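Read through the structure below, which is laid out as structure tokens, and then see the notes.
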Amino acid sequence: MKKISLFFLLISSIIVAQNKVKVDLSNPNSTIYTHLYFLQSDSYEPEKAATTIYGFEGEQAQDVAIKLKKILDGRGLKVDFSKVPTNKMFSDTTDYKIGNRYVLFPYQMPEIYVERVGNNWYYSSETTHQVNELYKKMFPWHTEKLQQIIPKFGHQSFLKIELWQYFGLLILLAVSTILFFILRKIIFFILQKAQYLIINKSSEKIKNALKKLTRPIVFLLIIWFVKTLLPSLLLHLDINTMLFLGLNIMVTVFWIYVFLKLVKVVMSIYEDFAKSTHGKLDDQLVPILHNFLTGLVIFIGILKLLTLFGVEPVTVIAGASIGGLAVALASQDTVKNLIGTIMIFIDKPFHIGDWIEAGEVVGTVETVGFRSTTVRAADTSVYQIPNSTLSEMVVNNKGLRAFRRYTTNLGLRYDTPPELIDAFVKGVRKIIEIHPDTRDDAFNVEFTGFGDSSLLILVNMYFTALDWNSEQSSKHNLHIKILNLAKDLGVEFAFPSTTVMIEQFPEKKLEEIGYNKESVRIKQIIDKIK
């Protein structure tokens, strides 16, 4: 009697267990669960799974439901029901135009989604009408042919993989290896041609960078080839999920590598361009821009990797924004300096090597970094000016002057005859006119007044050499020629002195300098100035 009671108890529990899961289309979670649950091997009832299909009925609906599951399994897409909404009025907040719709895998297969029709949720009409086309792309004609010709022993399995599937994986690996060596030469040739057409120049550095760029591009093509044929092997969902996850991680890593190498190639080209320009600020921009682009590529790559593990990119960006705001508030000076750096590179108020005056700092610009600018003074001391401060200061960039102005006064003795003063002025004018480093169309050499101890000759002129060292050399050359002119004319320069006239001693006479005022001699001296 006990055995009979236990038997009926077991039968009743099995019946209750089978009736426990019913068709439920009230929300996205229930609809998707109904579809997948009734197509499992231990609960296979395709007619119930077909109730989730909108726009088809009967056997057609069952066929669509079965194919839809195979498509998901073939791509290794496993539904995480803990993340599928259970709200019957669920609405996609990212796009108000969509309405009551839930996309199962928005980044892998956005065309597959469920939507609310009346009081129930179904796979959308757009999704169901695309199933046959998606199925044909994922499972070509040879998939069914393979199933028909495989002998019985080929279906024996080990670790959830059948023998024929092991054989197919080996063939796929062999074909991929052959394709790798063929595509490597083709891709490198295409990259070389494209690079030469874009910039019309080549170098060993760019060639090496292109070689390093070729390999990951070939790997990306091989992975695309593998991902296209892998569903044809009809592997178990768990195996497909692991394989596609591994392949997607590889794709992301290779794309990061490709873009990092692409940044290197672009920076190599830009570095050559920067060296050909007159300004040196572009040269300083190369490492800054390289670091920025490298960081951007790595950040986007990490963001993509996180999405592969189910982390929503919107959540990551929002978290990064909040974290970035907190960091920005905690380090306002750093952010200000970064903005100041950007403004310096946009406005370009100076270049590397320019002589600038910024507040109390006077010197040559050596480097422009993310945080500060380095200025070396004339005494070789180094100033570090925060870029936020520098971008707000009045900067006198002497390196941008078209010419270097030079003004001085030459003092002649008071007893210099007018004839020699005039000759000296004319001679200095001629020296400036024929000097290779001065402007011959804008200068002044005039007898401008009477000083305390000398007759003042104003010299106002412009040097064409913008470099400070070149300017000093030009001044030296000019001064020597003026001294030679004064020596030839017999003109002497005055120095601060006081002359006392004593009239009580008539036998004492002042010594007079014998100036030679002969006009012919003066003309010869002026003419021989070179």
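Net charge in the neighbourhood of Lys212 (other residues with Cβ under 9 Å of its Cβ; Lys, Arg +1, Asp, Glu -1) is +4.
Surface composition of segment 375-419: carbon and sulfur atoms hold 51% of the protein heavy-atom accessible area at a 1.4 Å probe. Using a cut-off of 18 Å between Cα atoms, the listed pairs Lys227/Lys261; Lys205/Lys264; Lys22/Lys67; Lys304/Lys336 include Lys227/Lys261; Lys22/Lys67; Lys304/Lys336 as exceeding that distance.
Please report the carbon-and-sulfur percent of the accessible area for segment 202-260; probe 1.4 Å, protein heavy atoms only, DNA, RNA and ligands left out.
Using a 1.4 Å probe with all protein chains present, segment 202-260 comes out at 74 percent carbon and sulfur.
Accessible surface for segment 22-72, divided over its residues, is 47 Å² per residue with a 1.4 Å probe. Here, segment 40-97 yields an orientationally averaged convex hull projection of 5.8 nm² when only Cα atoms define the hull.
Accessible surface computed residue by residue for segment 145-279, with neighbouring protein chains in place and a 1.4 Å probe, gives 62 Å² per residue.
Other residues within the sphere of radius under 15 Å centred on the Cβ of Phe181, judged by their own Cβ, net out at +4 (K and R +1, D and E -1).
Annotation note: chymotrypsin sites (Phe, Trp or Tyr not before Pro) in segment 55-141 located in DSSP loop regions with a Cβ neighbour count of at most 10 within 10 Å are Tyr96. Hey, got a sec? Which trypsin sites (Lys or Arg not before Pro) in segment 377-406 land in a DSSP loop and have at most 15 other Cβ atoms within 10 Å? Passing sites in segment 377-406 are Arg401. What is segment 406-470's relative contact order, in percent, from Cα pairs under 8 angstrom and six or more apart in sequence? Across segment 406-470, relative contact order equals 44 percent.
Shown here for segment 97-132: trypsin sites (Lys or Arg not before Pro) in loop regions (DSSP other than H, G, I, E, B) with at most 10 other Cβ atoms within 10 Å, namely Lys97. Site pair Phe309 and His236 shows an inter-label distance of 2.5 nm when each label is modelled 7 Å from Cα along Cα→Cβ. Other residues with beta-carbon under 13 Å from the beta-carbon of Met393 carry, at +1 per Lys or Arg and -1 per Asp or Glu, a net charge of -4.
Scalar couplings 3J(HN,Hα) for segment 246-251, obtained by applying the Karplus form with A = 6.51, B = -1.76, C = 1.60 to θ = phi - 60°, are x, 5, 5, 5, 4, 4 Hz; x denotes Gly and Pro. Averaging 1/r across all pairs of distinct Cα atoms in segment 195-259 and inverting the result yields a Kirkwood radius of 13.8 Å.
The values are calculated or read from the model by the stated rules, or taken from the named source; none is laboratory data. Just so it is clear, the model here is predicted, and its values are computed rather than measured. Reconstructed Cβ throughout: ideal geometry from the backbone, glycine too, with neighbour counts over all protein chains shown. We work out accessible area using only protein heavy atoms, side chains counted, and drop any ligands, DNA or RNA first. Shrake-Rupley method; radii C 1.70, N 1.55, O 1.52, S 1.80 Å.
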